[in-house]
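A short write-up of the structure that comes next.
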Amino acid sequence: MEAVAACEKSGYHVAATVVDASGIVKAVAKGDGTPPHTIDSSRGKAYGTVSLGATFSENASSAIVARVGGGPAFGPLQHLPGVFLVAGGVMLKSGDQIVGAIGVGGAPGGDKDEVCAKAAADKIADRLK
């Protein structure tokens, strides 16, 4: 809900999805007036982050995209089922252990989605220690 609230403060209607370390959906929040595709978008960003973040030693989907975008790995990775390689996903960790990820979809740009996902991750950071 924190990610949705953070985006609503900026006038963006979004959905947020939390997945565990195995990519299983644990929670979904969708703001009023949010288009239906945002649920799929937010899930794909969270799933992509938790799936590929450790491989590339990155904690956000924007960093994964920056690392592989335009390179030979990008084509095959963007076609993995359930993975949406766009900014908007943030890893959740307890120390060095990955416990999940938050993905946000619906703002006019993944960079804005990711700010909201980060706000949510920051809000619960003390509970993950």
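Side notes on the structure shown:
- All-pairs Cα distance distribution in the chain, expressed in whole percent, bin size 10 Å: 16, 50, 30, 5
- Burial ranking of peptide ranges 73-79, 119-125 (average Cβ count within 10 Å, highest at the top): 119-125, 73-79
- Value of [θ]222 nm, deg cm²/dmol, for the chain, DSSP H segments ≥ 4, -39500 (n - 2.57) each, nearest 500: -12000 deg cm²/dmol
- Partners of residue 9 within straight-line reach, counting lysines whose Cα lies under 20 Å from its Cα and excluding those fewer than 8 residues away in the same chain: 30, 112, 118, 123.
Bear in mind these aren't lab numbers, they're just calculated from the coordinates by the rules spelled out. Predicted, not measured: the structure shown is a model, and the values here were computed from it. Glycine also receives a Cβ, built like all others from the backbone with ideal geometry; neighbour counts cover every protein chain displayed.
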